[in-house]
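Notes follow the structure.
Quick note: the coordinates plus some simple rules give every number you see, no bench work behind them. These numbers were taken from a predicted model, which means no experiment stands behind them. Positions of Cβ are generated from backbone atoms using ideal geometry, with glycine treated the same way; all protein chains shown enter the neighbour counts.
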Amino acid sequence: MKFYDAHNHLQDGCFAGRQSELLAVCEKAGVVQMVVNGTCESDWPQVLQLARENKMVLPSFGYHPWYLHERTPDWLANLEKFLDAAPGAVGEIGLDRWKPGLSYAGQEEVFLAQLRIAAERNLPVSIHCLQAWGRLLELLQNHPQLARGLVLHSFGGPAEMIPAFAKLGAYFSFPGYFLHERKLKHRETFKAVPADRLLIETDAPDQHLPAEKNQFPLADAEGKPLNHPANLGAVYAGLAEFLGEKTEALAARVEENFLRLFENL
Ligand SMILES: [Zn+2]
C-alpha cells in the first residue's frame, strides 16, 4: 500500500539530525510522499533543504499563527523567495483563538497576505484553525478562490460546515490523534467528508496516536515522546476501521485526492 502524509513537520528541531533515519523508516513503512510544513522564517531553510535532498518531501512554507511575533520586516518577501526556490504549498498558516495567551491581533492580516500569494501562484494551502471556523469561512468566501484547493489540517470544525468549505475547494485531513477514544465526536465528523476530499496526516512530531496504535515509539533526547511520521499507516488503518472500509480502498481514495491536490509540485 502507498501512504501519503498530507501534513507533518519533519523539519522540527526535536528531529534534528535524525531526519534521514526517519525517512528511511517511513519509506519501508509505505510512505510515498509527505508535505513538510514550515511554521516561521527560521524553519523555512530546513524545509527547503529536506525537499532538495529527499524526493519524498513536498515543501510547504508559511507563517503559523503561533509564531507571528517572530516575523522580520521582510517576512513576506522572504516567503516569496522560498516559494521561488522550491514551489510547494503555502502553509502552515491559519487562525487560532484557542491557544491560551496567544494574541489574535494581526492573525487575519498575515493569513490573508499568505492566501493572496497562494492565489497568485496557484498553490495549495495548508490551514490550521482552532475556534475560528465561522471567521475562517467568511475570510475564504470573501477571498479570490484558491483554484488549487486547500487543506483544513486536523479538521476539528463542525460537520454542518463541511459542505460550505468543500464548495471553496477544501480537503479535510484526519490526524492520528483523533483515534483516541475521547475524540469520537471528531471521528464522527469525518463521516460527513465527501469521498473525494479526504486526506490523512501524522502532524509528526505532534498528535500522538493511542499507545496501542503507536507502531514506532520515539522520544527526544530528554525522553519526551514524539510522534514518528512512519505511524502514517496506523492512522490509515485506524480511520479505515472506524469508517468500516478496507484500508486498501481508503488508501486508493486518499492517493487520488492527494495527487490531485499536490500534483506537479
Ligand atoms: Zn501542523
Separation in nanometres of the label points that stand 7 Å from Cα toward Cβ, at Glu120 and Glu256: 3.6
Could you sort 146-152, 86-92, 186-192 so that the peptide with the highest average Cβ count within 10 Å comes first and the rest follow in order? 86-92, 146-152, 186-192
If you build the convex hull over the alpha carbons only and average its shadow over all orientations, what do you get for the stretch 1-99? Give it in nm² to one decimal. 6.9
Can you find, among Pro163, Leu123, Phe262, the residue farthest towards the positive end of the dipole of the chain? Put +1 on the C-beta of Lys and Arg, -1 on that of Asp and Glu. Pro163
Using alpha-carbon positions, the gyration tensor of the stretch 1-49 gives root eigenvalues a ≥ b ≥ c; with a/c under 1.5 called rounded, otherwise prolate if a/b exceeds b/c, else oblate, the class is oblate
Projected area averaged over all directions for the convex hull of the alpha carbon atoms of the stretch 138-251, nm², comes out at 8.3
Among the lysines, which fall within straight-line cross-link reach of Lys183, defined as a Cα-Cα distance under 28 Å, with same-chain neighbours fewer than 8 residues apart omitted? Lys2, Lys99, Lys167, Lys191, Lys213, Lys224, Lys246
Would you please state which residues of the stretch 69-101 a label at Leu168 would reach in this model, taking the label point 7 Å out along Cα→Cβ and a backbone N cut-off of under 18 Å? 90-98
Once you order the gyration tensor axes a ≥ b ≥ c over the Cα atoms, which shape class does the stretch 75-218 get: rounded for a/c under 1.5, otherwise prolate or oblate by comparing a/b with b/c? prolate
Other-chain or far-sequence residues with amide H under 5 Å of Leu199's (modelled H): Phe172, Ser173, Phe174
Classify the chain: rounded, prolate or oblate, from the alpha-carbon gyration tensor (a ≥ b ≥ c, eigenvalue square roots; a/c under 1.5 rounded; otherwise prolate if a/b is larger than b/c)? rounded
Phi-derived 3J(HN,Hα) across the stretch 208-224 with the Karplus relation (6.51, -1.76, 1.60, θ = phi - 60°), rounded Hz, x for Gly and Pro, is 4, 7, x, 3, 6, 9, 6, 8, 10, x, 8, 9, 7, 4, 8, x, 6
